[in-house]
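Colleague: Submitted below is the structure of interest, expressed as structure tokens.
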Amino acid sequence: MSGGGPSRRVRADAERSTARILEAAEDVLAADPTAPLERIADAAGVARATVHRRFSSRTALLDALAAQLNERYVRALAETRVTTAPPLVALQRLTETVFNLKLSHRFAVQLDAAVTPEVLAGLDLLFARLRDAGVITALDPVWCRRVYLALLHEAHDLPADSPVLTALSAGSEVEARINLLVDTVIGALGGTGTTNGLVVRSVRTSASDDRT
């Protein structure tokens, strides 16, 4: 009995080549959003026909990049337990994950299709829980989510030598950006006691305990 060995190998090879194409597309399109599929094929180390076989058009490739990032957003919402973890801890964990995704998916984060209603609903639930816990006073979770996403973009794009970042004295530049974002969002939404990253640092012990 073959056990489907050859067909499994073919599928595995196809999955590997698709993964290489998507990874190469992220890098190539982040540098040049107008780059043709042929350049992506060269960067992935596959034949140009392979790219066209996996993705019938440029739109199909962009849709695949968006779907891949959306899947990771959904996974992040589940792993940070936005429905059950202490909401401030969940916000800090989620922000860490989202910053890492923005670094590794520099092109796909610009695609509207990467953020589906499921992801937006998860964020809205988190901000409703923050309100119910008294962390913020803003009443509309949709508004809270829009403020968060806008400030996420600004914190991500802030120059590395910004005094705002250096003042937080975090262990790394990324941590400083996370501190800045969480503190600023909490303050903007009616929270208190959020200066100089104190909120983020105050929940790290809780986050560590909760993971064990």
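Colleague: By per-residue mean of other Cβ atoms within 10 Å, what is the highest-first order of 146-154, 24-32?
Modeller: Ranking the peptides 146-154, 24-32 by packing returns 24-32, 146-154.
Colleague: Treating the beta-carbon of each Lys and Arg as +1 and of each Asp and Glu as -1, no other charges, what is the dipole magnitude of segment 1-157 about its Cα centre, to the nearest 20 debye?
Modeller: Here the size comes out at about 520 debye.
Colleague: Still on this model: Please give the net charge around TRP143, taking every other residue with its beta carbon less than 12 angstrom from that of TRP143, where Lys and Arg add +1 and Asp and Glu add -1.
Modeller: Net charge around TRP143: +1.
Colleague: For segment 1-137, which semi-axes, largest first and in whole Å, follow from the square roots of 5 times the eigenvalues of its Cα gyration tensor?
Modeller: 35, 19, 11
Colleague: Could you please report the charge total around LEU165, scoring K, R as +1 and D, E as -1 over all other residues with beta-carbon less than 11 angstrom from its beta-carbon?
Modeller: On the way: positive: ARG177; negative: ASP161, GLU173, GLU175.
Its environment carries a net charge of -2.
Laboratory data are not the source of any read-out in this text; all were calculated from the coordinates shown. Given the structure is predicted, the values throughout are model-derived calculations rather than measurements. Backbone-built Cβ (ideal geometry, glycine too); neighbour counts: all protein chains shown.
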